[in-house]
Amino acid sequence: MPFAINLVMLILILLGLGISLYFFFVSRKYHMETGENEDPQKYTIPGLIEYVRDCINEITRTNLFELGLNEVEFKKQANKRAELKKALKVCMHGSIVDKQFVKALIYDILHAYIPDEKLNLIIPFNNPYLLSTKHKFAILLHMMKKKHGADALSYIIDEFELDKLKKNEDGEYCYFISRQEIEHIYDRMGFILTKEDKLEVITQAVYEQYKGLGVIDEIRDMNIDGVSAGVSGVTTDHFDFSNFRQQMDIAASYQKNYESVWIFYKGKSIKLDFLSFESESELKRVCQIIYRYNRGGQLSEATGYRVNEMKDGSRVLVVRPPFSESWAFFVRKFYIKNVTLEMLIQDENANLPINLIKYIVKGGMITAVTGQQGSGKTTMLMAMIEHIYATLTLRIQEMAFELNLRRLYPRRNILSFRETETISGQMGLDIQKKTDGSVNILGEVATDPVAAWMIQMAQVASLFTLFTHHAKTTRDLVYSLRNSLLKCEMFTNEKIAEQQVVSVLDFDIHLARDYEGKRYIERITEIVELKDTPLPDNFVYEKNITDKTASFMETTAEYYKKMTDKRIFECRNIIEFRNGRYVVVNPVSKERTERMKRAMTAEDARQFDDFLNLHFNLESGVRV
């Protein structure tokens, strides 16, 4: 009897265990099919970033010797891994090729990892009401990029007139692109996305937070003038959190510093109201990596800023506290290739400044390109260099490599120098004297030592010099360079220092940018040195002490009058921009005209004469 009871109990236990196992496997199969047991973070951007990071770490850290590869396959895998490691280090520094290489790898990883039905779970492509404005812009930029390439953002701005003045929430007129505008454009375009399009958008979202430059990653690659972030909004330092709840409510109503992204487009600073970094730590991350191309140095509290160039020639400036009130960066792009004067100067009678600038360069005149920030000085300088005779050697001194002239003129004799932590600008200019340079070009005369060395170099070390400066007027340009000579103690007398500057400078091409961002040449000014008249020989030897004293006083009075009242130069505008057109105001001085022709070829000198005879009356100084 006990045996029968035990047998029944054993059968019941086994039956219960079987039923439990059955329901367990059925439930497990159900959950696998429905995905209910999956990690909710698996198909999100942060989850995908972690997965991609793990995959790439495995690729780059696997011991190839343990894979049992033959020699050919081993070398192939080693080369691929070396190429990947290199791309991962520089893909965020403006290298488009390396960026595309890394993105292609991420695309392949995600393509094998994400089921088709999960794509809309990561980003709700199928529901425009759930799509954020940031994702709509990413899709819009991706689709436009397929057709317009690096001009995609320019096309969107121009096509939908997003760079027009608009009234913001404070009732002020400024340039900005709002969320409503992006959403309206997205709805209007009515995109139908393929699986590949969706995966590429997800790939970009993963890349920009994993190795890229955050929300400005794709914008930085567009053909615009520049992009910056962290330059508006408030930081937590602006608030006193002693009354925590009250201050938190106030802080929530303000835009944060990491929520500010600006672009510089056709001379206009445009705020992207719909775009922001996710947090201040993300902005800080981008600031810490964006400037590091080619060993950009250490950004620390002691060194609160860094200026460097990116691989594509863009200039980047990064600042951080305590030097600045918040983390911020400024990328200035010089994307125009083979830029010409005809491309830059297009107003009525544009042939006047275009041809005069050509002959100024061919004539070997020492010329300053002046104007405010963003007026196009560097671009104008690039266009002017086209007309320097190819037989002349060029030496360039810059704070950061911006001109990149060897990309435009690879067959010319060109060498650029820049300042480093151990080599100052004036040291670089001194070295240039030993490099057989005919033409010296200074990207920007921004410091007193460089200004002083520029004057000295223009006098003795080169055929002629081109440089940029931020002076507002030609007179300010002369005075600024004069003051630099005095500060560097090269001269102690203002008049003598001023005379040295005037004897060097020939022309000033002043650029301007109006309220709507239009760029134009405000004037082309010749700096004319006025002839000096000697002091009268009144002091003669007299036996009479009274006559001798009177003669001495007259001579002394004349000397001080000459030193205080005498003008030693004149600013003579040759061409001005008036009422939307360029007009001739004065002719080029005869002496300077002859100097220019002596530096030209016979054919150019003849064409220069024809140009003067056509547009100038050298006797009366008015246009024919």
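Taking ASN6 as the residue in question, decide whether it is modelled with pLDDT under 65, touching a helix residue (DSSP H, G or I) at 6+ places or on another chain (Cβ under 8 Å), surrounded by 10 or more Cβ atoms within 10 Å (Cβ to Cβ) and not charged (D, E, K, R).
Values: modelled with pLDDT under 65: yes; touching a helix residue (DSSP H, G or I) at 6+ places or on another chain (Cβ under 8 Å): no; surrounded by 10 or more Cβ atoms within 10 Å (Cβ to Cβ): yes; not charged (D, E, K, R): yes.
Spelling it out, it is not the case that ASN6 is modelled with pLDDT under 65, touching a helix residue (DSSP H, G or I) at 6+ places or on another chain (Cβ under 8 Å), surrounded by 10 or more Cβ atoms within 10 Å (Cβ to Cβ) and not charged (D, E, K, R).
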Contact list, first residue from region 278-294 and within 17 Å of LYS333 (Cα to Cα), second anywhere and crowded, with 16+ Cβ neighbours inside 10 Å and of a type in the set (S, T, N, Q), beta-carbon distance below 8 Å, six or more apart or interchain, is TYR291/ASN308; ARG292/ASN308; TYR293/ASN308
Could you pull out the residue among VAL339, VAL361 that is at pLDDT below 90 and in contact with a helix residue (DSSP H, G or I) (Cβ under 7 Å, 6 or more places away or on another chain)? VAL339
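Results for (1) under 30 Å from ASN349 (Cβ atoms); (2) modelled with pLDDT under 85; (3) not acidic (Asp, Glu), shown as yes or no for each residue.
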residue: SER503; (1), (2), (3): no, no, yes
residue: HIS510; (1), (2), (3): yes, no, yes
residue: GLU526; (1), (2), (3): yes, no, no
residue: LYS543; (1), (2), (3): no, yes, yes
residue: MET563; (1), (2), (3): no, yes, yes
Among the residues of region 301-331, count how many are in contact with a Lys or Arg (Cβ under 9 Å, 6 or more places away or on another chain), touching a residue at least 40 places away in the same chain (Cβ under 8 Å) and open to solvent by 50 Å² or more (accessible area, probe 1.4 Å). 2
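So is GLN255 open to solvent by less than 70 Å² (accessible area, probe 1.4 Å), out of contact with any helix residue (DSSP H, G or I) (no Cβ under 8 Å at 6 or more places or on another chain) and modelled with pLDDT under 85 or not? I'd like the intermediate steps shown before the answer.
Values: open to solvent by less than 70 Å² (accessible area, probe 1.4 Å): yes; out of contact with any helix residue (DSSP H, G or I) (no Cβ under 8 Å at 6 or more places or on another chain): yes; modelled with pLDDT under 85: yes.
Yes; evaluated as a whole, the condition is true for this residue.
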Looking only at region 346-386, and only at residues there that are within 17 Å of LYS266 (Cβ to Cβ) and among the β-branched types (Val, Ile, Thr), the one that is surrounded by the fewest Cβ atoms within 10 Å (Cβ to Cβ): THR378
Exactly one of these conditions fails for HIS510: (1) in a helix (DSSP H, G or I); (2) touching a residue at least 12 places away in the same chain (Cβ under 8 Å); (3) not hydrophobic (A, V, I, L, M, F, W, C). Give me its number. (1)
The one condition in (1) more than 27 Å from the chain's Cα centre (by Cα); (2) modelled with pLDDT under 90; (3) open to solvent by 30 Å² or more (accessible area, probe 1.4 Å) that GLU196 fails to fulfil: (2)
All but one of (1) out of contact with any Gly (no Cβ under 6 Å at 6 or more places or on another chain); (2) farther than 18 Å from ILE366 by Cα hold for GLU419; which doesn't? (1)
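Residues that are free of Cβ contacts under 8 Å to residues at least 12 places away in the same chain and polar (S, T, N, Q): find the helices (runs of 4 or more DSSP H) completely inside region 71-171 holding 1 or more of those. Explain how you work it out, then say what you get.
Numbers: elements: 71-90, 96-113, 119-122, 133-148, 152-159.
Passing ranges, in order: 71-90, 96-113.
Filter region 392-414 down to the residues that are open to solvent by 70 Å² or more (accessible area, probe 1.4 Å) and free of Cβ contacts under 8 Å to residues at least 24 places away in the same chain, then identify the one that is nearest to the chain's Cα centre (by Cα).
Residues of region 392-414 that are open to solvent by 70 Å² or more (accessible area, probe 1.4 Å), as a first pass: 399, 406-407, 410-411, 413.
Still in the running and free of Cβ contacts under 8 Å to residues at least 24 places away in the same chain: 406, 410-411, 413.
Details: ARG406: 18, PRO410: 22, ARG411: 26, ASN413: 26 Å.
Here the residue is ARG406.
Among the residues of region 469-514, what is the count of those that are polar (S, T, N, Q) and buried (at least 22 other Cβ atoms within 10 Å of the Cβ)?
First, the residues of region 469-514 that are polar (S, T, N, Q): 473-474, 480, 483-484, 492-493, 499-500, 503.
So of that shortlist, the ones also buried (at least 22 other Cβ atoms within 10 Å of the Cβ) come out as 474, 484.
Final tally of qualifying residues: 2.
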Test: residue in region 336-345 that is of a type in the set (D, E, K, R), open to solvent by 70 Å² or more (accessible area, probe 1.4 Å) and within 30 Å of LEU614 (Cβ to Cβ): yes
Look at LEU84 and say whether it is open to solvent by less than 50 Å² (accessible area, probe 1.4 Å), of a type in the set (A, V, I, L, M) and in contact with a Ser or Thr (Cβ under 8 Å, 6 or more places away or on another chain). yes
Just one of (1) among the aliphatic types (A, V, I, L, M); (2) buried (at least 22 other Cβ atoms within 10 Å of the Cβ); (3) assigned to a helix (DSSP H, G or I); (4) at pLDDT 85 or above trips up ILE521, so point out which. (3)
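The values are calculated or read from the model by the stated rules, or taken from the named source; none is laboratory data. Keep in mind it's a predicted model, so treat the numbers as computed, not measured. Using ideal geometry, Cβ is built from the backbone for each residue, glycine included, and neighbour counts are taken over all protein chains shown. Heavy atoms of the whole protein, side chains included, go into the accessibility calculation; ligands, DNA and RNA do not. Shrake-Rupley method; radii C 1.70, N 1.55, O 1.52, S 1.80 Å.
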